[in-house]
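Below is one structure, written out as structure tokens, with a few remarks after it.
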């Protein structure tokens with residue numbers, strides 16, 4: 001059960017309602033952490049914009065999705081996991097990859113950039129550092145913008161996960177991707 005009431009559109013103040021309508025029209029997310037962010041409309045707008053910006057950072061959808069799934073798995077964030085497992089299916093990320101990440105295992109990734117996106121994400125989260133060798137490998141495979149986007153995604157999506165954990169944002173009944181315990 002979510003710790004914070006999910007505001008209905010009619011219960012929002014004018015600033016919240018205007019932003020809600022904008023984000024909905026843009027096709028942006030309105031659940032999970034955004035149930036909290038709507039209380040601070042400027043933060044919600046910035047969170048939307050940062051996520052959108054990072055999505056335009058040059059990483060492939062698969063590279064970014066592998067990183068995002070690794071982040072949700074690391075934090076044990078149920079709502080983001082369910083949302084991102086569905087997003088992974090939509091972009092064609094193989095079920096075996098999603099299931100391996102969900103199980104806490106290193107997925108079999110044949111694409112070197114996808115593999116490094118996963119490894120860099122996990123290393124940064126688990127060790128709170130990035131080894132020189134990992135950075136050097138990443139600098140060879142990713143251009144500067146892509147690497148900034150990847151590292152920025154680790155920070156941005158960690159915020160998403162931590163928000164959902166703090167507010168106990170439970171996946172809605174229609175969300176099928178369950179995080180393994």
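Relative to the longest principal axis of the C-alpha atoms of the chain, give the angle of the C-alpha long axis of helix 144-166, reported between 0 and 90° and rounded to the nearest 10°.
The angle comes out near 50 degrees.
For the chain, what is the relative contact order in percent, using Cα pairs closer than 8 Å and at least 6 residues apart in sequence?
36
If each DSSP helix of 4+ residues adds -39,500 (n - 2.57) and the sum is divided by the residues in the chain, what number results at 222 nm, nearest 500 deg cm²/dmol?
-20500 deg cm²/dmol
Consider just the alpha-carbon atoms of segment 1-68 and return their Rg together with their Dmax, both in angstrom.
13.5, 39
Could you run the Debye sum over the Cα atoms of the chain, one equal point scatterer each and no solvent, and tell me log10 of I(q)/I(0) at q = 0.15, 0.17, 0.19 Å⁻¹, two decimals?
-0.87, -1.09, -1.30
With 10 angstrom as the radius, rank 134, 164, 121 by how many other C-beta atoms surround their C-beta, starting from the fewest.
Going from least to most buried by this count: 134, 121, 164.
By count of other Cβ within 10 Å, fewest leading, how are 142, 40 ordered?
If I rank by nearby Cβ atoms, fewest first, I get 40, 142.
Output the 0 to 90 degree angle, nearest 10, between the alpha-carbon long axis of helix 132-141 and the longest principal axis computed from the alpha carbons of the chain.
It works out to around 80 degrees.
Across segment 31-70, what fraction of all alpha-carbon pairs, as a whole percent, falls in each successive 5 Å bin from zero upward?
Once binned at 5 Å, the Cα pair distances of segment 31-70 give 6, 22, 22, 20, 18, 11, 1.
Between 0 and 90 degrees, rounded to the nearest ten: what's the tilt of helix 14-26 against the longest Cα principal axis of the chain?
For helix 14-26, the angle is close to 50 degrees.
Any read-out appearing in this document is the output of simple, stated calculations on the displayed coordinates, not a laboratory observation. These numbers come from a predicted model, not from an experiment. Positions of Cβ are backbone-derived with ideal geometry, glycine not excepted, and every protein chain shown enters the neighbour counts.
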